[in-house]
Each structure stands twice: as structure tokens, then as C-alpha cells.
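A quick write-up on the structure given underneath.
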Amino acid sequence: MRKNILNSLVLIGIVLLAFGCKPKKIIVAPPVAAPDKVEVLSDSKQENLNMLQSKDLLFNTLSLKGKANLTINGNENNVTMLIKIQKDEKIWVSVTAPIVGEVARALITPDSLLLRNNLKREYARKPFSYIYGFTNKQVNFKMLQAVFSGNTIADFMTVTSDLKQENGVWVLSGSKNNLAYQSLFNTLLKVNETSLNDVKTAQAFKVAYGDYTPLNEALFPSSLKINSMAGKKKIDIDVNFTKIDVNIPLEFPFTVPKSYELIK
């Protein structure tokens, strides 16, 4: 764990997260798909895209907490995580291990990464592009934010994408700069899974959502699975959120003790 924690934390901020313990919340199960009962707003692709985006969770701040099981290149880590999001501005992650305490912390903004490894008393300051060593170059801050919140990815919700109905649900697909993408929606009109594939660079990413719970007049995924592969680097993450708070005051502390070494 000592060897992998810094890179693991970066990947957590990129592709995130896994929590143990199922939440004791009201669960909204998607109705069984019926091919002849897909909700269609009109013959306009844009209007149907707008309909799907209208199911997104609206928030200014989002706080997630839980226990995590991260499998990174076959190396399994059990930790507790706290994730805070200030919409369009920052994502803050704290990772705590049993007995040891907080082992790492990260602060991700649209253009930078701050990473702190408490086990090795090290820290790093990196441009956002640092994550491209772990995932596709098309991934940006708002895409990470959408993955966290179970929302649609704005870059793909355009009329240039293919939007059709299959087996009673909506399917969105397309390609952008060598990146093939597909989002499957459930009968609640929420994203059920999204996959990204770049054959040229041997990079693949898939996120799948499970049960939904009411939150802020919308629905939020109670479970999340992520599979990410970039060359020989592989991450598998399973999530069951245990605590979810929206639009509460949040702090994003990130200080570095003077004794910590800067890693370049």
C-alpha cells in the first residue's frame, strides 16, 4: 500500500470510488423496460437530450463518505474515504486506513492536482494533465464531477452523438478525437452505465450505477462500479455510498507540513 498510495489517490480522483456497507436509504428501483413505453419528448434529438439531462442532480456542494475497496493492478486496499465537491471548482479526497489513520489527501481543480502522501511524508503539485498517464486525454474535470454525481457527461450530450432507443431504454453513443463512448440509460432516465474506449492508446474506462435514492428532488446512485485500464495499469472499484450530503457548507483543507518532501 505504501508503494501505490500516491498513484492510487490520483486514480481515485480520476476514476473514483468504492465504499463498503450498503446505505440504509430509500431505494428507487427502475421499472422493467418496455420497448413500446420509452419516454419520448418529441422527434427532436436536442429536446430528448434535454429531457435526459433534466434528470441530473443539481448541486453546489456534494459530500460523500464511506469505506472503500480499491484493487489496483491486483493489489487490494481497504480504506475509508471522504470526498467533497465544490461544483466546477474543486474535488477534495481524504483517504484513511485502519490503525494508520489518514494516509493521503488530494485536491483536484480544473487545471491542477495537489497530492499528499502522509505515509512517506511527501507531496506533489501537478498539472491536471498528469492524469493522462492513467486515463484518456479527453477526460476533464467536469467529466470526473459527472462520474461522482451520477450525472450525464455534458461533452457527449450533443446532437453530434447518436441517440436511439434499444430494448425500452435510451442509448447514447459516438466518438470524439479517437475516443469511442456510450451511455446507457435506465427506465428512470438516469445514466445506468458509461464506457469510454481508445483502442489506439489501449485505454478503457467503464462506470456502472446501481440503485438510486432520492436526493435534492432528484435521484442519486447508491452504488457505483468502475473499471479503468491504461496500458498495464488497471483499477477495479466497487462502491456503495454510506453517507451523502448535498448543498451543505464544506471546507477543503490542504496544508503541507514543512518536513514533507516535494516530489517532482
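The values are calculated or read from the model by the stated rules, or taken from the named source; none is laboratory data. Note that the coordinates shown come from a computational prediction; the quantities given were computed from them, not determined experimentally. Methodologically, a virtual Cβ is constructed for each residue, glycine included, from the backbone with ideal geometry; neighbour enumeration extends over all protein chains shown.
Summary of computed values
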item	result
Residue within the stretch 75-88 that is polar (S, T, N, Q), at pLDDT 90 or above and farther than 14 Å from I235 by Cβ present	yes
Qualifying residue in the stretch 199-217 (condition: of a type in the set (G, A, S) and buried (at least 22 other Cβ atoms within 10 Å of the Cβ))	no
Verdict on T242 being over 14 Å from the mean Cα position of the chain (by Cα), surrounded by 14 or more Cβ atoms within 10 Å (Cβ to Cβ) and under 21 Å from V93 (Cβ atoms)	yes
So S8, is it hydroxyl-bearing (S, T, Y), at pLDDT below 95 and surrounded by 14 or more Cβ atoms within 10 Å (Cβ to Cβ)	yes
Filtered residue count, the stretch 185-196, keeping only those that are within 16 Å of the chain's Cα centre (by Cα) and not basic (K, R)	6
Qualifying residue in the stretch 111-124 (condition: within 24 Å of G174 (Cβ to Cβ) and among the polar types (S, T, N, Q))	no
Pick from the stretch 103-127, criterion more than 19 Å from F141 (Cβ to Cβ) and not charged (D, E, K, R), ranking: nearest to the chain's Cα centre (by Cα)	A104
Criterion violated by T160 - all others in (1) in contact (Cβ under 8 Å) with a residue 60 or more places away in the chain; (2) more than 26 Å from I244 (Cα to Cα) satisfied	(1)
Where V100 falls short, out of the listed (1) aliphatic (A, V, I, L, M); (2) more than 30 Å from V256 (Cβ to Cβ); (3) surrounded by fewer than 17 Cβ atoms within 10 Å (Cβ to Cβ)	(2)
Evaluation of L163 against (1) aliphatic (A, V, I, L, M); (2) under 18 Å from the mean Cα position of the chain (by Cα); (3) part of a strand (DSSP E or B); (4) closer than 30 Å to T187 by Cβ (one fails), failing number	(2)
Options S175, S195, S149; residue that is surrounded by 18 or more Cβ atoms within 10 Å (Cβ to Cβ), modelled with pLDDT under 95 and small (G, A, S)	S149
Residue match in the stretch 218-230 (condition: part of a loop (DSSP other than H, G, I, E, B), under 25 Å from K190 (Cβ atoms) and at pLDDT 85 or above)	no
Total residues in the stretch 152-164, condition farther than 27 Å from K234 by Cβ and surrounded by 15 or more Cβ atoms within 10 Å (Cβ to Cβ)	3
Those residues of the stretch 241-264 which are of a type in the set (D, E, K, R) and part of a strand (DSSP E or B), in sequence order	K243, D245, E261
Which listed residue is part of a loop (DSSP other than H, G, I, E, B) and over 20 Å from L64 (Cβ atoms), from K120, K200	K120
Selection status of P214, more than 29 Å from Y130 (Cα to Cα), modelled with pLDDT of 95 or more and of a type outside the set (F, W, Y)	no
Selection within the stretch 145-173 - at positive phi and either in contact with a strand residue (DSSP E or B) (Cβ under 7 Å, 6 or more places away or on another chain) or small (G, A, S) (or both)	G150, G168
Matching residues in the stretch 111-146 - criterion: being of a type in the set (K, R), at pLDDT 90 or above and closer than 24 Å to T194 by Cα	K142
